[in-house]
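See below for the structure under consideration.
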Amino acid sequence: SVGPMKRIIAYAAGPLFNILFAFLCYAILMTMPTIASVYPSKVVLSNDYPALYQVESTPASEAGIRTGDTVLAIDGKEVSNYSEIQYQLSLVKDNESVLIETDRGVFTVHPRDGMFGLLPYQEAIIAHVESDTPEKKAGLKRGDVITVINGKTVTNMFDLLEASAAADFITMTVLRGG
């Protein structure tokens, strides 16, 4: 028969190993590289895309902000990317107005139900093409910039999504190496 101390050690070894293994897995995962998308402080208005967002106007559009404006500061605090814009706007309460400084001027925006109507501006650039797909067969390559889709000019990803939303077949013009 085994003594009580050896039994306690054997019983404690399982949970202790589980805890140590969890820390080891966490440490390994935290050292792995990650891909984080950081969008510029350029914005798109959701009401400019009725096929995607069913809104006629937004607080940002009513204040005079336009798709393609670059936000420089919110309530005097400089922003350099869309995540910082989101953070600063999350601090605003519904009944408060906010001053949004853009490259075209300063606008006073009054949020409705916590919404401003601002989306991140994303260029319509091909990031990856899987092998054996229609995109690959059409000759698309990583880095191609989509400029026209189904006859409509594309300046950002939302233009692309709206132009192709109801289409079964699309034609596009791309700029390679630009």
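Can you tell me which residue among Tyr87, Tyr11, Tyr53 is under 30 Å from Ala124 (Cα atoms), free of Cβ contacts under 8 Å to residues at least 12 places away in the same chain, assigned to a helix (DSSP H, G or I) and not aliphatic (A, V, I, L, M)? Before the answer, list the steps.
Numbers: Tyr11 fails: under 30 Å from Ala124 (Cα atoms); Tyr53 fails: assigned to a helix (DSSP H, G or I).
When all the criteria are applied, what remains is Tyr87.
Among the residues of the stretch 38-50, which ones are over 14 Å from Thr102 (Cα atoms) and assigned to a loop (DSSP other than H, G, I, E, B)? Don't jump to the end; show me each part of the working.
To start, the set of residues in the stretch 38-50 that are over 14 Å from Thr102 (Cα atoms) comprises 38-39, 46-50.
Correct list: Val38, Tyr39, Tyr49, Pro50.
What do you reckon, is Leu29 open to solvent by 100 Å² or more (accessible area, probe 1.4 Å) and farther than 18 Å from Thr108 by Cα? So that I can check it myself, show each step before the final result.
On the way: open to solvent by 100 Å² or more (accessible area, probe 1.4 Å): yes; farther than 18 Å from Thr108 by Cα: yes.
For Leu29, the condition - open to solvent by 100 Å² or more (accessible area, probe 1.4 Å) and farther than 18 Å from Thr108 by Cα - is met.
Within the stretch 111-147, how many residues turn out to be aliphatic (A, V, I, L, M) and open to solvent by 40 Å² or more (accessible area, probe 1.4 Å)?
Taking the stretch 111-147 and keeping what is aliphatic (A, V, I, L, M), we get 115, 118-119, 124-127, 129, 138, 140, 145-146.
Now drop any that are not open to solvent by 40 Å² or more (accessible area, probe 1.4 Å), which leaves 115, 125, 127, 138.
Summing the residues that are aliphatic (A, V, I, L, M) and open to solvent by 40 Å² or more (accessible area, probe 1.4 Å) in the stretch 111-147 gives 4.
Does Leu24 satisfy being open to solvent by 60 Å² or more (accessible area, probe 1.4 Å), assigned to a strand (DSSP E or B) and not small (Gly, Ala, Ser)?
no
State whether one or more residues within the stretch 60-72 are open to solvent by 70 Å² or more (accessible area, probe 1.4 Å), acidic (Asp, Glu) and either in a loop (DSSP other than H, G, I, E, B) or in contact with a Ser or Thr (Cβ under 6 Å, 6 or more places away or on another chain) (or both).
No, the stretch 60-72 contains no residue that is open to solvent by 70 Å² or more (accessible area, probe 1.4 Å), acidic (Asp, Glu) and either in a loop (DSSP other than H, G, I, E, B) or in contact with a Ser or Thr (Cβ under 6 Å, 6 or more places away or on another chain) (or both).
The values are calculated or read from the model by the stated rules, or taken from the named source; none is laboratory data. This structure is a prediction, so every number in the text was calculated from the model and none was measured. Ideal geometry is used to build each Cβ from the backbone, glycine not excepted, and the neighbour counts take in all protein chains shown. For accessibility, only protein heavy atoms count, side chains too; no ligands or nucleic acids. Shrake-Rupley method; radii C 1.70, N 1.55, O 1.52, S 1.80 Å.
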